[in-house]
1. Tell me, yes or no, whether the stretch 334-342 has at least one residue that is hydroxyl-bearing (Ser, Thr, Tyr), touching a residue at least 40 places away in the same chain (Cβ under 8 Å), outside any helix (DSSP H, G or I) and within 24 Å of Arg104 (Cα to Cα).
2. So, in the stretch 91-126, exactly how many residues are over 14 Å from the mean Cα position of the chain (by Cα) and not basic (Lys, Arg)?
3. Looking only at the stretch 314-336, filter to residues that are polar (S, T, N, Q) and either touching a strand residue (DSSP E or B) at 6+ places or on another chain (Cβ under 7 Å) or within 30 Å of Leu384 (Cα to Cα) (or both); which one of those is surrounded by the fewest Cβ atoms within 10 Å (Cβ to Cβ)?
4. Under the condition of being under 40 Å from the mean Cα position of the chain (by Cα) and either part of a strand (DSSP E or B) or of a type in the set (A, V, I, L, M, F, W, C) (or both), which residue from the stretch 467-483 is farthest from Ala441 (Cα to Cα)?
5. When you check Val498 against the structure, is it open to solvent by 60 Å² or more (accessible area, probe 1.4 Å), in a strand (DSSP E or B) and of a type outside the set (Phe, Trp, Tyr), yes or no?
6. Across the stretch 181-203, what is the total count of residues that are more than 17 Å from Phe126 (Cβ to Cβ), assigned to a strand (DSSP E or B) and open to solvent by less than 60 Å² (accessible area, probe 1.4 Å)?
7. Suppose we keep only residues that are in contact (Cβ under 8 Å) with a residue 40 or more places away in the chain and over 39 Å from the mean Cα position of the chain (by Cα) within the stretch 486-517. Which one would you say is farthest from Arg302 (Cα to Cα)?
8. Going through the stretch 337-356 one residue at a time, which ones are touching a helix residue (DSSP H, G or I) at 6+ places or on another chain (Cβ under 7 Å) and either over 30 Å from Ser325 (Cβ atoms) or surrounded by fewer than 18 Cβ atoms within 10 Å (Cβ to Cβ) (or both)?
Amino acid sequence: MERWGCRFLRLVFSASLLWPPLCFAQDQATPQDSSAKPPSTKEAKKRDKKLMKELGLDDTNWLLNEVPDIITDAERRAFLELGTKEEREQFIEHTFWDERNPDRESPVNPVREEHYRRLAYADEHFASGIPGRKTDRGHIYIIWGPPDEIESHPTGGTYDRPPEQGGGSTTTYPWELWRYRHLDGMGENIEIEFVDPTGSGEYHITRDPCEKDALAHVPGAGSSLTEIMGQSSKAGRFTNTNGTTCSVPFGGTPASMDEFASLDRYFRVQRPPERFRDLEEKVTSHFVQSQIHMDYRTDFLRVTSNTVLVPITVQVHNRELSFQSRQGVHSAVLDLYGRITTPGGVVAQTFEDVISRDFPESLFQSSLNVSSIYQKSVPLRSGLYRLDLVIKDTLSGKLGVISTALRVPRFADDELDASSLILADQIETVPSSQTGAGQFALNSYKVRPRLSQEFSSTDKLGIFLQLYNLKLDETLHKTNVSVAYRITKDQQEIWRAVETADHLHQGGEQLTIERYLPVVSLVPGRYTIEVTAIDLLTNDTVIRTADFTVKPAPSLKPGTTVRPPGS
């Protein structure tokens, strides 16, 4: 095979930097809070060992055996901090994999399917006494996928060194060279070399292109041209400062290996590509001016006694976006990066996404009068956090920035409590196969909030509320709850309705209220909706309120269709 010249970037790694041991990965997962004394290594290992025992972790565990190559440090820390099996299942399905799904509305996740295909391929093709996914070749394959080209020498053999390695011929151990035309975050024409000096079939990554030389320690054999000509000696190979054991370059060809750049590439190539590194840097800066106006809201729903689901909803008016017309379709693309941190600076959650908006020519002008809405739901423990969001218009380069406090409430364990009251313009049930999947998914419902909380008489005003810790009648095994709805204007009651247990869906200790309220009879103005729930078995009461505005119905031309804001 024709050898590529030095114009390509060679990426080769030393045997001393191998797959990290399990205990190191667990130590790295321990969050460091500057506001408290960090746990010692011994304490961290003891805690993780206890957690691993609780989880029943073994060689087939999700964290240790399925996603160690692609999970981020922040995600690993968040997973290890979760306290129950239900929380961890929620994290795996609705945080980890949903974040990697290019189409969150689809129940099929091609990224997840490709990942498990790569795991199976690695186990089948790279196993050598250990599972293929645990080998260096398997590690690189799982992160980056199949290389564009492989130069394989399974039995070693004669090797003609290129001039930058000193020239001359030698005999090599088994080795492989993988070439990628492009790797995100790495660059173009990346070469990764693996060598098997033991002949056992277990290739390891090397950043020394001369480590495959089987005659390096044999006196008088496999000498380079520069050594034959007396310009260098074999002993000199092992005193190089650039991390290689290559001879002096032949013909004055400068060495292409930079030790520090090589080490940097070594660490970066073993991490998944960071798509929005530039936006992450914007989050850490306190001097970024927002150029795109965003509306946002956060809601809170109980998942377990220790975990709260926090839907974060963001809305941008389409006139703020830059559209590009191509083949009759106007398209805008936004990159989004979000980070949630504790007051001590510990990262609790990060997420990123690409948001695209496409409109045909016939609808483009009318689309400029509405907004685009996006939602990401994250599980968090109760407490105070900081939420930072950055969006970037990929065409104009403009940024939208949100930085705000996020106070996640603690739901009561033994008394009546309720979620946020969400005013929505769309509430619908979803099939059981899609429960919790995609944007706006709250359990078995799809709930799209109206961020402006403005409705016209032609709109639907939906309310969504969950009640927790309802008492069960010991005889009937049913709850007994009454829910009253009031709409007031200037503290005067305009409308009222009551639902009793006979009209509400009976279940366990949790009850979901979802219904549409009449707005067609309301005159323009500002109103308050109040929902009062009473547990008739305990006389506990919980009240949730929200303000909304009714605007005049838009005047329509014949044949005009009204689309709600945020659609």
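The values are calculated or read from the model by the stated rules, or taken from the named source; none is laboratory data. Here the structure is a predicted model, which is why all the values come from computation and not from measurement. Don't worry about glycine lacking a Cβ; one is built from the backbone with ideal geometry, like all the others, and counts go over all protein chains shown. Areas reflect the complete protein model, heavy atoms only, side chains present, ligands, DNA and RNA absent. Shrake-Rupley method; radii C 1.70, N 1.55, O 1.52, S 1.80 Å.
1. yes
2. Result for the stretch 91-126: 17.
3. Checked the stretch 314-336; the qualifying residue surrounded by the fewest Cβ atoms within 10 Å (Cβ to Cβ) is Gln324.
4. Here the answer is Leu472.
5. Yes.
6. Here the count works out to 5.
7. Checking each candidate, the answer is Thr488.
8. Arg339, Val347, Ala348, Gln349, Thr350, Phe351, listed by residue number.
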